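Read the figures in this text as sums done on the coordinates, not as results from a lab. Being a predicted model, the structure only gives us computed values, none of them experimental. In this analysis, Cβ positions are derived from the backbone assuming ideal geometry, glycine residues included, and neighbour counts consider all displayed protein chains.
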């Protein structure tokens, strides 16, 4: 899968000399392919798998071979000819651990848990990358929409200032109103320039995350596909909110990498405690060997083969008892951390859902507000042209209009960010599936509340 992402990445790099249109899915693919943090996790997982293999090899028989040669210079306190004392030998042996209280198997299980923890961390980082690129993508579109609103506002201010100039020249308005129109135009220009700087900053961040170096355009978000969800969530009842929370909590509990990692931490701590207790067990090894010894001067050869049984019993009980106490404390801390993680995720899910509902309601109210302020601005502008409204009236109407536009713009993209947050919490890579789940409450009866259960994985 990474090869596919790399291919996409290099295709975009090769097209850097041309303007290209990038949609959200392509941006996500590029961000994943360009993420150094995900690459580090990939390498860590490979390294952890090698550790698992090393632990497996320790369980298997250990084969060794050796060779030695000796000669004497002094024998019985007299110098001798070294050539008369040369001997050489070779030995091959196979050693197998017969009994160790199962410590090697437990250690192998601990290594497997560590590999799975790394996979969960990588999964969490994957969705973190998706959240980051989504926010960067939305930030550019939001800044561009804000820039359009500022440009429209500046255009209105320039029209108002042009009219004020003509009226000031003919003495139809006083100097104060003329200066007010000028100050309003300058303020709009300054605000427009600030939005441009924000857009540049957002664009640079997007380039860094995706690796795109050329000119690009972002595909606009089709808000129509979210309309049913927005309408439904804005009018959802309290009972439906409870059902929605239960449904998403069950999904989160089954798939959230942070919660899964907390469960794995408790399993690892339990294994470490068991491993500490097994240190009381003796270690027994069996070695099958074959030795061949040759005396060079006489060409005599002796050979021997056999089996050696060896073992050791640990007697430093005070050390092992201290390790058991430490492992027990670590296990209890892991259980506390699991409960803490579960409580934190429950709070995160509640906040995410309530934020989603709030943003849906804000989108609808901002739309209504924009409709009213748009008509109000047109009315004031017409009166201003007819000299029936003052410069201050026009400035206030313009400010109200741009604030309404920005509020709708901000609410719309905040709704999308809330969706991204909910997707990451529940590890839902398919956005269509997420939207279906949000709409599924229309088909549920409130009578289900009495039978609904929250499923939480036990550590």
So between residue 207 and residue 312, what do we pick up on full extension, going 0.36 nm a residue minus the alpha carbon distance? 31.6 nm
Using 1/(1 + (r/R0)^6) with R0 = 30 angstrom and r between the beta carbons of residue 379 and residue 358, what's the FRET efficiency to the nearest 0.05? 0.45
If each residue's Cβ is checked for other Cβ atoms within 10 Å, how do 143, 201 rank with the fewest at the top? 201, 143
Between residue 320 and residue 49, what is the label-to-label distance in nm when each label sits 7 Å out along the Cα-to-Cβ direction? 3.6
Measuring from label point to label point, each 7 Å out along Cα→Cβ, what is the residue 175 to residue 330 span in nm? 8.1
Spin-label model distance (nm) - residue 42 vs residue 65, 7 Å beyond Cα toward Cβ: 3.9
Neighbour-count ranking [beta-carbon atoms within 10 angstrom, fewest first] of 429, 121, 29: 429, 121, 29
